[in-house]
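S.K.: My questions will all concern the structure given below.
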Amino acid sequence: MVDLKRQYEKIKPEIDQAISDVINSTAFINGPAVKGFQEDLEKYLGVRHVIPCANGTDALQVAMMALGIKPGDEVITTNFTFIATAEVIALLGYVPVVVDVDPDTFNLDPEAVRRALTPKTRAIVPVHLFGQCADMDAMMEIAASNNLFIIEDACQAIGADYIFKDGSRKKAGTIGHVGCTSFFPSKNLGCYGDGGAIFTNDDELAKQLRVVVNHGMTVRYYHDFIGVNSRLDSIQAAVLKVKLAKLDEYAAARNRAADFYDNAFRNHPKLSIPARFERSNHVFHQYTLVTKDIDRNALQEFLATKDVPAMIYYPVPLHMQKAYLDPRYREGDFPVTEHLCRTVISLPMHTELDHDQLIHITSSVLEFVNA
Ligand SMILES: *Cc1c(COP(=O)(O)O)cnc(C)c1O
């Protein structure tokens, strides 16, 4: 699904130098490499504060802790996402309230969010799924009129631009009260291990986020809050600093592959290409087709015989996951999400796809669907 080896080979001298500089400095934790990457990312995103942390799941957890959301409070999120989004909500003792998605963009449906509001709702977590922003005009409006926090899960959309109705632009993750991302190796900005970051323009909240990631410590060895230990290490930060400088180039490569796929599958009666939301550009973390009248799992198996990896993101909606079964929800309550879980398939998507690979992948897909 991704080719990190070829990507590394192209930037090997810079990466190897950056890593060996950290080793020679022995500043493995909170060293200048972390500060340097943090500042570069603040500049790139146009955000006042980037707080690095250990992974994307921690970023979400720390954001919720720093906002002072209390056990029993309800947090609304999408039913069609990676489990981490709902996991931290449940782990902190909040009540995850899942809602259905837009059938075209796969992102939170604003009307479904409005219907899920109760007096206990405290926050909404829009996920910018597969590399495209959710409808943030609507999310910010709902939050403002109901006094809620917006926590953006930008783990799949770093670098994407959201275009507001008035034409102004902001980077994914810098629109709500707080934004979260992951630097897992296969993410659009991936390191060579685990990593994550939290974004905010709120100076007070930034202070609190820095306290929470550092054991709730305000003054050394004085703990006013219960926190966590969540750090980005210096070697990962050094790798990320090199790769951040190439992020826009990488997004362009992903878009070229997506355009190739689009052209091969457009107007096919059995395949729907990913919709482009007019208020976001797309950084194609995933290229995901919706299939019609074909056995999606058989397509995946057929592609495997052609050495084409394909993945199902995601096969089971949150409300049908064993760990998250809830008497409030039953099968059929989320028709769009449930339909997508049965019909989507994601094709290889990364920065190194060449013409021959794209031809092989698209002709293999078409061989199956036209059979
Ligand atoms: C990857 C991902 C996460 C979690 O990131 P980790 O760094 O693996 O903890 C959270 N939410 C979404 C939508 C993701 O894709």
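Nothing in this text is a laboratory measurement; each read-out follows from the coordinates by a stated rule. Predicted, not measured: the structure shown is a model, and the values here were computed from it. Because the Cβ atoms are built from the backbone with ideal geometry, glycine has one as well, and the counts that use them run over all protein chains shown.
S.K.: Seen from all sides and averaged, what is the projected area of the convex hull of the Cα atoms in the range 58-101, in nm²?
M.R.: On the way: hull surface 11.1 nm².
Computing the convex hull of the Cα atoms and averaging its projections yields 2.8 nm².
S.K.: Per 10 Å bin, what is the whole-percent P(r) computed from every C-alpha pair distance within the chain?
M.R.: Taking every Cα pair in the chain, the percentages come to 5, 24, 32, 25, 12, 2, 0.
S.K.: I would also like to ask the following. If you take the Cα atoms of the range 257-311, find Rg, then find the Kirkwood Rh from the mean of 1/r over all pairs, what is Rg/Rh? Intermediate results must be reported in sequence, preceding the final value.
M.R.: Numbers: Rg = 12.4 Å, Rh = 12.5 Å.
That ratio is 0.99, to two decimals.
S.K.: If you don't mind, another one. What's the ranking of 202-212, 69-79 by average number of surrounding C-beta atoms within 10 Å, highest first? Each step should come with its number before you reach the end.
M.R.: On the way: 202-212: 17.9, 69-79: 20.1.
Going by the mean number of other Cβ atoms within 10 Å, highest first, we get 69-79, 202-212.
S.K.: Right, another one. In the range 247-369, if every C-alpha pair distance is counted and binned at 5 Å from zero, what percent goes to each bin?
M.R.: For the range 247-369, the binned pair fractions read 2, 10, 19, 21, 19, 13, 9, 5, 2, 0 percent.
S.K.: Using only the Cα atoms of the range 53-129, what are the Rg and Dmax in Å?
M.R.: 12.1, 35
S.K.: Stick to Cα atoms and the Kirkwood definition of Rh, then tell me Rg/Rh for the range 130-225. Mind dumping the intermediate values first?
M.R.: On the way: Rg = 15.4 Å, Rh = 14.8 Å.
Here Rg/Rh amounts to 1.04.
S.K.: Sum -39500 (n - 2.57) across every DSSP H segment of at least 4 residues in the chain, then divide by the residue count to get the 222 nm mean residue ellipticity, nearest 500.
M.R.: Details: 12 runs with 148 residues, N = 371.
Rounded to the nearest 500, the figure is -12500 deg cm²/dmol.
S.K.: Translational diffusion coefficient of the range 82-175 at 10 °C, 1.306 mPa s, Stokes-Einstein with Kirkwood Rh over Cα pairs, in µm²/s as a whole number. Don't skip to the end; give the middle numbers.
M.R.: Numbers: Rh = 13.7 Å.
Translational D for this selection: 116 µm²/s.
S.K.: Excluding residues on the same chain fewer than 8 positions from Lys70, give the aspartates and glutamates whose Cα lies under 18 Å from its Cα.
M.R.: In chain and number order, the partners are Asp58, Glu87, Asp224.
S.K.: For the pair Lys292 and Met311, how long in nm is the line joining their label points, each one 7 Å along Cα→Cβ?
M.R.: Going by the 7 Å Cα→Cβ label model, 2.7 nm.
S.K.: Further question on the same structure: Over the Cα atoms, compute the radius of gyration (one decimal) and Dmax (the largest Cα-Cα distance, rounded to a whole number) for the range 187-333, in Å.
M.R.: 21.5, 64
S.K.: Please give the contour-minus-distance gain from Thr218 to Glu9: 0.36 nm per residue of separation, less the Cα-Cα distance, rounded to one decimal in nm. Show your work: numbers first, answer last.
M.R.: Numbers: separation 209, 0.36 × 209 = 75.24 nm, distance 4.27 nm.
So the extension gain works out to 71.0 nm.
S.K.: Estimate the FRET efficiency between Glu204 and Asn370 by the formula 1/(1 + (r/R0)^6), using the beta-carbon distance for r and 56 Å for R0, to the nearest 0.05.
M.R.: On the way: r = 58 Å, r/R0 = 1.04.
Efficiency for this residue pair is about 0.45.
S.K.: Can I ask one more? Just to confirm the filter: which trypsin sites (Lys or Arg not before Pro) across the range 308-371 are DSSP coil and have at most 13 other Cβ within 10 angstrom of their Cβ? Before the final figure, lay out the partial values.
M.R.: Details: sites: Lys322, Arg328, Arg330, Arg342; in loops: Arg328, Arg330.
In loop regions of the range 308-371 (DSSP not H, G, I, E or B), the sparsely surrounded trypsin sites (Lys or Arg not before Pro) are Arg328, Arg330.
S.K.: Measure out, as a whole number of angstrom, how far apart the alpha-carbon centroids of the range 268-319 and the range 2-58 sit.
M.R.: Here the two parts' Cα centres lie 31 Å apart.
S.K.: Compute log10 of I(q)/I(0) for the range 19-172 with the Debye formula, placing one identical point scatterer on every Cα and leaving out solvent, at q = 0.09, 0.13, 0.16 Å⁻¹, to two decimals.
M.R.: Taken in order of the listed q values, log10 I(q)/I(0) reads -0.33, -0.65, -0.92.
S.K.: Also, I was wondering about something else. Between their Cα atoms, which of Lys243/Lys292; Lys292/Lys322; Lys120/Lys241 are more than 29 Å away from each other? Present the calculation step by step, with values, prior to reporting the outcome.
M.R.: Details: Lys243/Lys292 38 Å; Lys292/Lys322 27 Å; Lys120/Lys241 41 Å.
Pairs exceeding 29 Å: Lys243/Lys292; Lys120/Lys241.
S.K.: Ordered by residue, what ³J(HN,Hα) values in Hz, to whole numbers, does the range 126-140 give under the Karplus form 6.51 cos²θ - 1.76 cosθ + 1.60, where θ = phi - 60° and Gly and Pro are x?
M.R.: x, 9, 8, 6, 6, x, 10, 6, 5, 6, 7, 4, 5, 4, 5
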